[in-house]
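So the structure is just underneath, and the comments pick up after that.
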Amino acid sequence: ARRIYSSCTETDYWLGEVLLKFSQYEEVIAICERVERMDINNLKIYRPWIAAMLDLGKIKEAKSLLENLKKKNPQSHRTYFYIGIVFEYKGMFDEAIECYTKAFEINPTFDWALNNWGYVLVTLGEYDNAIQKFNKVLEMNNGEFRTFLNLSIVKYLQNKEKEAREVLKRGFEGQKINRGFDKQVFITEVQEEIERINERVGKDNVKESEK
């Protein structure tokens, strides 16, 4: 795709994301530098770029990129959102929360920041605070699929299985308008997500969701 659309910065961005997963950090950096030369206003490219720098241990360079991003778009909620994703990716949760907080302050309608913020709080074991964030998201958009998933996970981790099932039921009902919705796939995703979070927080009390 890159050879066909050699001037397409979106293609390069996704190539950078893929290479990041395969630890091809130097190539990621080269691609990101190329994209910036082609499109100076591209913000998304900073996510894999900064992540690659951090994975290479180039902390000074990563911080320089962060400052450059802030200078370019100091009032862009997406600037801080992308930075927050990088910090979360690296396990720098306090810094991630700070960025998600800033993103939401700039744009109080940007529920993605709240959702990610809540997910970090789950990882830190701050379940009640996470629930507040997820409930706020649901108030804003009245049925975000991912938020129902996250909220049910918190309930399971709190050993509140009955409440978790009720949350899942609300999620199922909200998805009835989607003909492609598969209840069993949703349940499986909940179980897998709980296992991932338990691995991150060092717990092993994984609950099984309703069949």
If I stretch the segment between residue 145 and residue 78 completely, what's the gain in nm (0.36 nm per residue apart, minus their alpha carbon distance), one decimal?
22.0 nm
If you take the beta carbon distance between residue 94 and residue 169 as r and set R0 to 30 Å, what does 1/(1 + (r/R0)^6) give as a FRET efficiency, to the nearest 0.05?
0.30
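Cross-link list 21/63; 90/160; 136/169; 44/169; 133/162; 136/162: which exceed 26 angstrom alpha carbon to alpha carbon?
Numbers: 21/63 21 Å; 90/160 30 Å; 136/169 18 Å; 44/169 35 Å; 133/162 20 Å; 136/162 21 Å.
Beyond 26 Å: 90/160; 44/169.
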Here FRET efficiency (C-beta to C-beta, residue 37 to residue 58, R₀ 22 Å, nearest 0.05) is 0.65
Could you provide, to the nearest whole Å², the per residue accessible area of the stretch 1-135 with probe 1.4 Å?
52 Å²
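How high is the FRET efficiency between residue 10 and residue 136 when r is their beta carbon distance and R₀ equals 35 Å, given to the nearest 0.05?
Details: r = 31 Å, r/R0 = 0.90.
E between residue 10 and residue 136, to the nearest 0.05, is 0.65.
The values are calculated or read from the model by the stated rules, or taken from the named source; none is laboratory data. Note that the structure is predicted; figures quoted are calculated from it, not measured. No Cβ is skipped: glycine too gets one built from the backbone with ideal geometry, and neighbour counts run over all protein chains shown. Surface areas here come from the heavy atoms of the whole protein model, side chains and all, with no ligands, DNA or RNA. Shrake-Rupley method; radii C 1.70, N 1.55, O 1.52, S 1.80 Å.
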